[in-house]
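In what follows, a single structure is set out as structure tokens and then discussed.
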Amino acid sequence: MMATVTVALLLSAATSLFVEVREIHADATEELTMLADIIAQHCAAPLAFEDRATAEETLASLRADPAIIEACIHRMDGSEFARYPAASSIAHPEAHAELTRKDAPRRSPGAACDGHCCIVKKDRMMLVARYILLDNTPIGTVHLAYDLKRIDQEVRHYLVMFGGITALALAIALLLSAVLRRLVSDPLQGITRAIAGVTADRDYSLRISMKGADELGSLATGFNNMLEQIQLRDAELSHYSSDLEAEVRLRTEELARSNRDLAETVDKLENAKQRAEEANRIKSEFLANMSHEIRTPMNGVLGLAQLLATTPLPSQQQQRYVEGILNSGRSLLAIIDDILDFSKLEAGKLRTYAFDFDLIGLIEDVVVPMGTQIGDKDLELVLDFDSDLPEMVKGDPDRLRQVLVNLMGNAVKFTDQGEVLLRVRPEPDHSESQRIRFEVTDTGPGIPLEAQERIFDSFTQVDGSTTRRHGGTGLGLSICQKLVELMGGTIGMASHPGQGATFRFSLPLPAGSPEARKTESGPLAIHHGCRVLIAVARDATARILRTELQGIGFDDIVIVPVGQAMAAIRAAAVTPFNLAILDLDAASEDFLALARELKADGATASIRLLMLARQWPADRTAVAREAGVDACLHKPVTRRNLADAIRRLECREETDGLAAAGRSPAAAPRKATMPQGRVLVAEDNFINLQVAESVLEHLGYRVDVAADGEEAVLACRNNRYDLILMDCLMPNMGGCEATEAIRRHERETGRDRVPIIALTANALEGDRNTCLKAGMDDYLSKPLVIERLRELLMRWLPTAEEGS
Amino acid sequence: MALLPGARPVVASPRPLPPSPVVDDRALIASYLLNFARFNHWPAHAFSGPDAELVLGVVGNDPFSESLDIIAGKTVRGRRLVVRRFGGDDGPRNCHILFIAASEQYRLHRILSEVRGQPVLTVSAMNDFAVRGGMLQLLRQKNRFRILANREAADAAGIHLCSHLLEVATSVTTPTRPAFLK
């Protein structure tokens, strides 16, 4: 305590002293600067006019302050002008030197300068130099030296004074402290010692032996009471804590036990989960394998049944039986395919691919064969492509095909009358990644509201009766949904019961590279100025026809309702139509009779007649040709088949003229148009081989057979073929490998490129594009269906059409 | 001591004339003329505008030759100093300082009367100039010139001679002449 007081006193004394000394110095500096200013002002004129006497008189006035030991005025060139005291020579030129330095920014330590004034402290002296200015221009300098010893003396006085005061204060403080200690500090120290003892030894039995009536006495009593309380609590606490320890031990053991139990349970559950997942995986694999295994004999059954159907059967009953076998087999196969896909999706084994493919071509491939599924229903398939649709897109064509087949198949299946419209257009609001929207709209019975919510669930059908009527696993839409989602798209539906249904899905399909697109077989002629008449049953079909014809280059297109075609043709006698597109399925007008009439009349015989029909069985084609129809076209109308038909019409016109081609084909002997082509079938499955062979032979081709890829390559080197059917999976050498070898050989020998058709199993759809990349031209799904094979041959060997 | 608001750096300031061992009177007088311009105050109406030049006129046979070129163009209180030389018979002299060469001592009376009443500081080194009504006379004394100042004449012209200048100058008054000489 005493030390504190001493330090405080000394500190305050030192601070006061310091402040005082600083003030003295500041005062001296200010005084001196002011003095220099005054002298500079007074000496300006004497200096300007070389009046030394006046200047020295001014300087002499400095006598008044004995601390000023030197003063001097210089001209700007450094020569001395006036001095004080007169006798001495200048002894302290530092400030003057500092002021007039040329390298102004570099200052000596201890020098404080602004532009016109400089102060230097040195050897207990303060030196001031400043410019003498006249109209802001320096004309000389004034220099003063001030002796700080006088200030030091002053400081010493202060020091002595402060020392005395501080000593006195200290003495008084000591006296006071001695008195206070006896009254306060001693008892407090007693208490402190007691507290220290209690804290160090934890001996709460200690008591302070001090009595007194003052505050300290009551403090001691209070402290003793507190110790007593603590002693009591301590005893209680130690009692509790021993209880608590036992409790904690008990609980810890329980916890450990239940932890062990939990860990065991988790292990068990983990095992069970693994087993369950394993079992599920095995089940899915088993299902996939089983489906695949079932397919193989089914292919055999179907193939043989097809073959049986092509042979002449003695009785109608036998024909019906064969039909029944075929239908049941196809249904079964469809179910197996569904289960296979579904189990693959469930097992997470289905992958999607991204290839460049021809979007419109793919859709047409899907939709055109569906025309045959319509049977004798009054139903029309209509394709509506947006004109902004990219031709080549990047995506998984096989999965897209599967979804389209499913949705279109459902629509065709459930709609008895009206139309099924497939509308394809780019989503408007996806600029960065192009999405394409597909909409399948039918005029069927629609879907009840309560069924709409779970329409995409597995094993769900609209109701039991539809299951019975139409068959199916109820997996189709569920598969569609999973596939669309797998491809990054969305699927949905809208329906009003009784007014049909619309299923729509949207997929990200960015535009593909245009060079990957297959080139069309030659450009179409310019159709500018051609007049076209369209008379078809459905407005949608008429609209699509017009759009597609305009796309090809036709610009003068007239659409009339069925029933007014004849009237329209007659009315246009002055500027006759060049082409009439007529719908054979329309019931209200007999277009075959109309065709005959037109061709018989010289004025209208030059009109090309393009007839549309859902199906063109051989006999119907013959009748049409006989009636004078120039070209027959399957519905639905697609860009490709329409363009093909137009091209055929043009070719015919160029070669042998209309009349001969139009009237004679039915009469022509079949053998004469039978192709003499040669086809190689490379296939290791006996049944498929037999189907292919029999169909091809039935069509009049010479068929060679290869059992694997190596044989196929060898056969190609030795013979020339018009077409090769190539299985993908074969022993020794696969189809892709063989194709590459054949293409290489063609390049080396300069042979023509032979069309190679891949035969792919449905289960291996992902391989299709691999086939195309390997150099194949088209593909055909197994099991081989005679109709499909025939269509394919028509596409690649156009002469086959004549034979059908 | 608001002496130097916005003072220029010392290094860049123009230096006054360095005295040579052999003092050149012409250069010395030139520097005196410049200092006169700096010490004295003209009334505001002496200048046509705030940027108007301060004109140092020289009348008579010019004794300076090129010496005045050293001070010509310098800035005095923000005004540019220009030197203009007048012939002996020119009309009114439009200037602020008029140095009258010794050659004009016989025409001095006329010259002074021509500028009387105008704020023109008249300077000359001719004898008896201040006594004869000139304002500042330079009187040769060893290596310097003493200044004789006629404060009455300056006051009559409206020119305020600076007290510092008066400190170094010797005051002279125009003696009261007998009335018949006026």
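Taking the stretch A:608-632 only, how many residues are in contact (Cβ under 8 Å) with a residue 40 or more places away in the chain and part of a strand (DSSP E or B)?
Residues in the stretch A:608-632 being in contact (Cβ under 8 Å) with a residue 40 or more places away in the chain and part of a strand (DSSP E or B): 2 in total.
Looking at the stretch A:455-489 only, could you name the residues that are among the charged types (D, E, K, R) and modelled with pLDDT of 80 or more? Walk me through it before giving the result.
Taking the stretch A:455-489 first, the residues among the charged types (D, E, K, R) are A:457, A:463, A:468-469, A:482, A:485.
Of everything in the stretch A:455-489, those that are among the charged types (D, E, K, R) and modelled with pLDDT of 80 or more turn out to be A:K482, A:E485.
Taking the stretch B:124-148, which residues are hydrophobic (A, V, I, L, M, F, W, C), assigned to a strand (DSSP E or B) and surrounded by fewer than 21 Cβ atoms within 10 Å (Cβ to Cβ)?
Once the filter is applied, which keeps residues that are hydrophobic (A, V, I, L, M, F, W, C), assigned to a strand (DSSP E or B) and surrounded by fewer than 21 Cβ atoms within 10 Å (Cβ to Cβ), the stretch B:124-148 yields B:L139, B:F145, B:L148.
So is A:L714 out of contact with any Ser or Thr (no Cβ under 9 Å at 6 or more places or on another chain) and hydrophobic (A, V, I, L, M, F, W, C) or not? Let's see the steps before the verdict.
Values: out of contact with any Ser or Thr (no Cβ under 9 Å at 6 or more places or on another chain): yes; hydrophobic (A, V, I, L, M, F, W, C): yes.
Judged against the criteria, A:L714 is a match.
Looking at A:A60, A:A28, A:A55, A:A48, can you tell me which residue is aliphatic (A, V, I, L, M) and more than 26 Å from B:C162 (Cα to Cα)?
A:A28
Kindly evaluate B:D62 against the criterion of being under 26 Å from B:H160 (Cβ atoms), of a type in the set (D, E, K, R), over 13 Å from the mean Cα position of the chain (by Cα) and not in a helix (DSSP H, G or I).
No.
Which count do you get for residues in the stretch A:112-144 that are more than 13 Å from chain B (Cβ to nearest Cβ), aliphatic (A, V, I, L, M) and either surrounded by fewer than 18 Cβ atoms within 10 Å (Cβ to Cβ) or more than 20 Å from A:T29 (Cα to Cα) (or both)?
Adding up the residues that qualify gives 1.
Give all pairs with beta carbons closer than 9 Å in which a residue from the stretch B:141-168 that is within 7 Å of chain A (Cβ to nearest Cβ) meets a residue that is in a loop (DSSP other than H, G, I, E, B) and aromatic (F, W, Y); count only pairs at least 6 apart in sequence or on separate chains.
Cβ pairs passing all conditions: B:R144/A:F49; B:I147/A:F49; B:L165/A:F49; B:V168/A:F49.
Can you name every one of the helices (runs of 4 or more DSSP H) wholly within the stretch A:696-804 that holds 2 or more residues which are among the hydroxyl-bearing types (S, T, Y) and at pLDDT below 80?
Where helices (runs of 4 or more DSSP H) fall fully within the stretch A:696-804, none carries at least 2 residues being among the hydroxyl-bearing types (S, T, Y) and at pLDDT below 80.
I need the full set of residues from the stretch A:120-171 which are under 22 Å from A:R63 (Cβ atoms) and of a type in the set (V, I, T), in order please.
Once the filter is applied, which keeps residues that are under 22 Å from A:R63 (Cβ atoms) and of a type in the set (V, I, T), the stretch A:120-171 yields A:V128, A:I132, A:T141, A:V142, A:I151.
Restricting to the stretch B:103-140, and then to whatever is of a type in the set (D, E) and touching a residue at least 12 places away in the same chain (Cβ under 8 Å), can you tell me which residue is farthest from the other protein chains (Cβ to nearest Cβ)? Full working, then the answer.
Keep residues of the stretch B:103-140 that are of a type in the set (D, E), which gives B:104, B:114, B:128.
When the remaining residues are screened for being touching a residue at least 12 places away in the same chain (Cβ under 8 Å), the result is B:104, B:114.
Details: B:E104: 24, B:E114: 28 Å.
Top of the filtered list is B:E114.
Run A:Y158 past the list (1) under 60 Å from the mean Cα position of the chain (by Cα); (2) within 30 Å of A:P66 (Cα to Cα); (3) of a type in the set (S, T, Y) and report the number of the one that doesn't hold.
For A:Y158, the failing item is (1).
Tally time: how many residues in the stretch A:54-82 are part of a helix (DSSP H, G or I) and either within 17 Å of A:A129 (Cβ to Cβ) or more than 9 Å from every other protein chain (Cβ to nearest Cβ) (or both)?
Pass one, the stretch A:54-82, residues part of a helix (DSSP H, G or I): A:54-64.
From what's left, either within 17 Å of A:A129 (Cβ to Cβ) or more than 9 Å from every other protein chain (Cβ to nearest Cβ) (or both): A:55-64.
The total comes to 10.
Among A:D152, A:D147, which is the only one that is within 30 Å of A:A82 (Cβ to Cβ), more than 14 Å from chain B (Cβ to nearest Cβ) and buried (at least 16 other Cβ atoms within 10 Å of the Cβ)? Full working, then the answer.
Details: A:D152 fails: buried (at least 16 other Cβ atoms within 10 Å of the Cβ).
Answer to the check: A:D147.
The values are calculated or read from the model by the stated rules, or taken from the named source; none is laboratory data. Bear in mind the structure is a predicted one, so any value in this text is a computation, not a measurement. Cβ: placed from backbone, ideal geometry, glycine included. Neighbour counts: every protein chain shown.
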